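This report refers to the structure that appears directly beneath it.
Since every read-out is calculated from the coordinates, none of them should be taken as a lab result. Values in this document were obtained by computation on a predicted structure and should not be read as measured data. Positions of Cβ are generated from backbone atoms using ideal geometry, with glycine treated the same way; all protein chains shown enter the neighbour counts.
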Amino acid sequence: MSADQRQDIPLTVAGRVFSSRLLVGTGKYRDFDETAAAVEASGTELVTVAVRRTNLGQNPDEPNLLDALPTSRYTILPNTAGCYTAKDAVRTCKLARELLDGHNLVKLEVLGDDGTLYPNVVETLKAAETLVNDGFDVMVYTSDDPIVAKELERIGCCAVMPLGSLIGSGHGLLNPATLEIILEHAEVPILVDAGIGTPSDAALAMEMGCAGVLINSAIAHARQPVRMAHAMKLAVEAGREAYLAERMPRRASANPSSPFAGRINA
Amino acid sequence: MHIQLNGDQREFSSELTISELIDQLALTGRRIAVEVNEEIVPRSQHAEMHLSPGDRVEIVHAIGGG
């Protein structure tokens, strides 16, 4: 192996090492059985959850998501989905830390509006700073802006997660050229969060050198979520292998794979 | 005693601690986190901390999300 070949180093986020580069969201599944089966098929070790008000006085025996996804097996990544201000996002992270017995790894997202779920970058930057200063390990959802990505890194976020396209849209990577710039300058793991629609989108992100991808809707809203979870696992692995292998150069002209020498018509 | 619980106005007959509130709501032993007036109340303080009239209490748990 020559020295300049790409080496496979496992995904490391704030000192935690993961063998899978696929992160899976747990929203939108039919029930916790389907969630657990899809999460299992995906091979993920890192799953996102949301923090919400407990339903009071409705069903005391209601099943708990954290029973379906044992913390002994999965690293739980609580998100701040639904927060529109830095203040609410910080409160949500503190609640999550209490809920998960001091666990300090969080996915920060501060949204701008209901229609686009586009990140509010100003509030995201504020929240990131507060959380990092409070000892949180912050994986941050953001727009695909190279300057903002670098700023979030400077603040101390342990991973920067630009959107590929709008949350839940399934449009894939709409701006690979910008993602390329983010990747080129990054010193923390860059993961595509949001927009992945199908395994080829995930493979493309990985081939480009993303450290991982976070997928929810593309699995949960597939006709067969468990099968799609497996497909995403394969895509992420294939994309990563391709990134390490480094693709052939593109050429303007054809180049035969079979030798010219020895042809019967020569 | 009047408190705001998960956004709703609620009346409780007497003074109570967080632990007693959780018990009355049949949430004892559940994986929840509690915030009072926007400050986390660690589990270790649930038994001692008394609620005051007008407190804003949030009780949350984990659900599916991306």
Specify which residue in the list B:Pro42, B:Thr17, B:Ile63 is farthest towards the positive end of the charge dipole of chain B, using unit charges on the beta carbon of Lys, Arg (+1) and Asp, Glu (-1), about the Cα centre.
B:Ile63
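For the pairs A:Lys126/A:Lys233; A:Lys150/A:Lys233; A:Lys94/A:Lys126, note any where the Cα-Cα span goes beyond 25 Å.
Details: A:Lys126/A:Lys233 34 Å; A:Lys150/A:Lys233 29 Å; A:Lys94/A:Lys126 15 Å.
Violating the 25 Å Cα-Cα cut-off are A:Lys126/A:Lys233; A:Lys150/A:Lys233.
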Neighbouring partner chain Cβ atoms per residue of A:100-107, average, 10 Å criterion
1
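Taking the Cα centre of the stretch A:171-234 as origin, work out the dipole magnitude from +1 charges on Lys and Arg Cβ and -1 charges on Asp and Glu Cβ, in debye rounded to 20. Walk me through the numbers on the way to the answer.
Working: 3 positive and 6 negative charges, 98 e Å.
Computed about the Cα centre, the dipole is about 480 debye.
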Between the alpha-carbon centers of the stretch A:170-190 and the stretch A:195-251, tell me the distance in whole angstrom.
14 Å
Neighbour count of at most 12 Cβ within 10 Å plus DSSP loop: longest trypsin sites (Lys or Arg not before Pro)-free window in chain A
A:74-222
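What value does the stretch A:189-266 have for Rg/Rh, both radii from Cα atoms and Rh as Kirkwood defines it? Intermediate values should be presented prior to the final figure.
Working: Rg = 18.1 Å, Rh = 14.6 Å.
When Rh is taken as the Kirkwood radius, the ratio is 1.24.
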How much net charge surrounds B:Asn37 when only the other residues with a Cβ under 10 Å from the Cβ of B:Asn37 are counted, with Lys and Arg +1 and Asp and Glu -1?
-4
For A:Lys87 and A:Val17, what does the FRET efficiency come to when R0 = 25 Å and r is the distance between their Cβ atoms, rounded to the nearest 0.05?
0.15
Can you give the average number of partner chain beta-carbon atoms within 10 Å of each beta-carbon in peptide A:82-93, as a whole number?
1
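For A:45-55, what's the mean count of beta carbons from other chains sitting within 10 Å of each residue's beta carbon? The partial results should precede the final answer.
Details: counts 0, 0, 3, 4, 6, 7, 7, 7, 9, 15, 4.
Mean shielding by partner chains, rounded to a whole number: 6.
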Amide hydrogen neighbours beyond the local backbone of A:Val49, cut-off 5 Å, H modeled:
A:Leu77, A:Asn79
Compactness index (Cα Rg / 2.2 N^0.38 Å), the stretch A:114-265:
1.28
Set the Förster distance to 45 Å, then compute FRET efficiency between A:Arg154 and B:Ala26 from the Cβ-Cβ distance, nearest 0.05.
0.45
